[in-house]
1. Just to be sure I understand the model, the point goes 7 Å from the Cα along the line to the Cβ. What's the resulting residue 19 to residue 43 distance in nm?
2. Arrange the peptides 21-30, 8-17 so that the one whose residues have, on average, the most other Cβ atoms within 10 Å appears first.
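Bear in mind that the values in this text are calculations on the coordinates, not laboratory data. Model, not experiment: these values are computed from the prediction. All Cβ positions, even for glycine, are placed from backbone atoms using ideal geometry, and neighbour counts span all protein chains on display.
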């Protein structure tokens with residue numbers, strides 16, 4: 001498993017235990033991954049490039065507390 005898969009698994013397990021913060025973080029990370037995969041597919045890039053693009057980009061990280 002990659003680091004992001006480990007992180008997503010941990011968030012999923014916490015979410016299933018009822019942790020609302022983990023649930024929201026999981027949804028945010030999954031939607032970010034899907035966004036970047038779609039954008040990169042549009043310019044002919046594969047899933048490997050998409051995996052590295054969303055993680056650590058800081059997009060939305062600073063505003064997460066106010067958005068949620």
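1. Here the answer is 3.4 nm between the modelled labels.
2. 21-30, 8-17
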